[in-house]
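The values are calculated or read from the model by the stated rules, or taken from the named source; none is laboratory data. Keep in mind it's a predicted model, so treat the numbers as computed, not measured. When we count neighbours, we look across all protein chains shown, and the Cβ atoms used for this are built from the backbone with ideal geometry, even at glycine.
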Ligand code: SAH
Ligand code: SF4
């Protein structure tokens, strides 16, 4: 989401006549787009700002700013830490950056952390200078009203609001004209997307019709209200990926209740079962938190057993990190000792690695349609891309290029990557058309 936001800021700054500097040393302005979701995300930002302090010593004209979720928290600190930051801009105030920079030029510190009920940056065409030119993110809504007890997002990003459907489709048409092949639609709970009569399913329907050769993903839906009609749409449209990220967070009812996640383990499992019935072969990923307030050993094993029962293809796993202002901060105690949190997290991770390895082994011999994202990190002689089911695949480069769809046969695997033999360059329409006929 920050990646997508930076592209909006990029557009605002270029429109204002600025250009992109080639590195931090030659820049007049450095803006750090920040995340507050966990303590270590914030620590990284503070370290980065300290690095920039030394640049400020050699270049007294340099302006350093903090954008995004940390803005609200940092606005008081900049008064204490005089020379670290000159400008602080919250996630709904990016349009104000040119005015704030002018204030800094007049020798003042500049702050705008106001949250909005309407801002969606709908009319701003993001300028994508740092992506791979093949896959892109499109933000469809901002903020969150869910108030999960551990989560700071509703406080840093404000109330939930949806971007008008037409502005989203316009952006996707533009991406299509520019040759993009993959779009991930982003929101904190995409199921609650709403623009008049339009729901997330009607949005996906309209988006997928723009260009049958662009594949679509989305992140994140919430298990409490995942719509059935979306599952049927994914099953029938070749360019809607057979991959769903469906964050569980925990596996026991008592923990889910403390987390204010309004579903039970059983409801979650029946959703998973329904996904697998309607979309055969669908791949699933999740988010998990270890060591949340009051977590017992039994609740921890509840999470482990849920993960085992579902058998996720991928999981993002975190140790609980207490965030100010959240319900958990106000009402509960962050009482699981650090060493126990760490041990539980590593048990969760190592079980997941084993599950992934086993699941990936079943891929050997199967054919997949891979969208090539570029050369592999390890070797220029290998290409790297993703299957429709979001698994990373590497194979020999041959004549393939970034942006090609390639049919491959999986020959080998690790827990994170599939290794394949390329068969032919093809298209979504041709590949799935043939599969349907067969
Ligand atoms: N809106 C998305 C989640 C966005 S935050 C959803 O509800 O699915 C991404 C993930 O960060 C969350 O799913 C959660 O697993 C994790 N997370 C959020 N707050 C956290 C905290 N205080 N400590 C540890 N992990 C946290
Ligand atoms: Fe945070 Fe819950 Fe909203 Fe996701 S749904 S952003 S976890 S409050």
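Quick notes on this structure:
- Restricting attention to segment 221-267, the residues that are within 30 Å of residue 296 (Cα to Cα), in contact (Cβ under 8 Å) with a residue 24 or more places away in the chain and not in a strand (DSSP E or B) total 22.
- Residue within segment 362-372 that is closer than 25 Å to residue 175 by Cβ and not in a strand (DSSP E or B) present: no
- So residue 195, is it free of Cβ contacts under 8 Å to residues at least 60 places away in the same chain and either more than 16 Å from ligand 2 (Cβ to nearest atom) or buried (at least 21 other Cβ atoms within 10 Å of the Cβ) (or both): yes
- Considering residues of segment 373-399 that are in a loop (DSSP other than H, G, I, E, B) and touching a residue at least 60 places away in the same chain (Cβ under 8 Å) only, the residue nearest to residue 239 (Cα to Cα): 388
- Failed item, numbered, when residue 8 is tested on (1) part of a helix (DSSP H, G or I); (2) exposed (fewer than 14 other Cβ atoms within 10 Å of the Cβ); (3) modelled with pLDDT of 95 or more: (2)
- Selection within segment 400-414: residues that are in a strand (DSSP E or B) and in contact (Cβ under 8 Å) with a residue 40 or more places away in the chain. The member of this set that is farthest from residue 361 (Cα to Cα) is 405.
- Just one of the numbered conditions (1) out of contact with any helix residue (DSSP H, G or I) (no Cβ under 8 Å at 6 or more places or on another chain); (2) under 24 Å from residue 189 (Cα atoms) is not true of residue 67: (1).
- Within segment 201-221, being under 20 Å from residue 248 (Cβ atoms) and away from ligand 1 (no atom under 14 Å from the Cβ) holds for one residue alone: 217.
Each row is one residue, and each column tells you yes or no for (1) within 16 Å of ligand 2 (Cβ to nearest atom); (2) without any contact (Cβ under 8 Å) to a residue 60 or more places away in the chain; (3) not in a strand (DSSP E or B).
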| site | (1), (2), (3) |
| --- | --- |
| 176 | no, yes, yes |
| 179 | no, no, yes |
| 183 | no, yes, no |
| 201 | no, yes, yes |
| 204 | no, yes, yes |
| 208 | no, yes, yes |
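- Failed condition for residue 224, given (1) within 16 Å of ligand 1 (Cβ to nearest atom); (2) farther than 23 Å from residue 345 by Cα; (3) buried (at least 21 other Cβ atoms within 10 Å of the Cβ): (3)
- The residues of segment 117-133 that are buried (at least 18 other Cβ atoms within 10 Å of the Cβ) and under 29 Å from residue 22 (Cβ atoms), listed by number, are 121, 124, 126, 128.
- Residue check for residue 357: in contact with a strand residue (DSSP E or B) (Cβ under 9 Å, 6 or more places away or on another chain), away from ligand 1 (no atom under 16 Å from the Cβ), assigned by TED's automatic domain parsing to the domain that holds residue 253 and not in a strand (DSSP E or B): yes
- Checking residue 328 against (1) surrounded by 16 or more Cβ atoms within 10 Å (Cβ to Cβ); (2) touching a strand residue (DSSP E or B) at 6+ places or on another chain (Cβ under 9 Å); (3) closer than 26 Å to residue 147 by Cα, the condition it does not meet: (2)
- Meets criteria (touching a strand residue (DSSP E or B) at 6+ places or on another chain (Cβ under 6 Å) and farther than 22 Å from residue 147 by Cα) for residue 274: no
- Among the residues of segment 185-199, the ones that are assigned to a strand (DSSP E or B) and in contact with a strand residue (DSSP E or B) (Cβ under 8 Å, 6 or more places away or on another chain) come to 4 in all.
- Counting only strands (runs of 3 or more DSSP E) that sit completely within segment 61-172, those holding 1 or more residues that are within 16 Å of ligand 1 (Cβ to nearest atom) and either more than 30 Å from residue 256 (Cα to Cα) or outside the structural domain of residue 404 (by TED's automatic domain parsing) (or both) correspond to 63-68, 135-139.
- Screening residue 159 against (1) at positive phi; (2) at pLDDT 95 or above leaves a single unmet condition, (1).
- Checked against (1) more than 30 Å from residue 429 (Cβ to Cβ); (2) more than 12 Å from ligand 1 (Cβ to nearest atom), residue 240 passes all but condition (1).
- Just one of the listed residues (415, 376, 350) is under 24 Å from the mean Cα position of the chain (by Cα) and at pLDDT 95 or above, and it is 350.
- Hits in segment 308-341 (condition: over 21 Å from residue 388 (Cβ atoms), assigned to a helix (DSSP H, G or I) and touching a residue at least 24 places away in the same chain (Cβ under 8 Å)): 308, 309, 327, 328, 331, 340, 341
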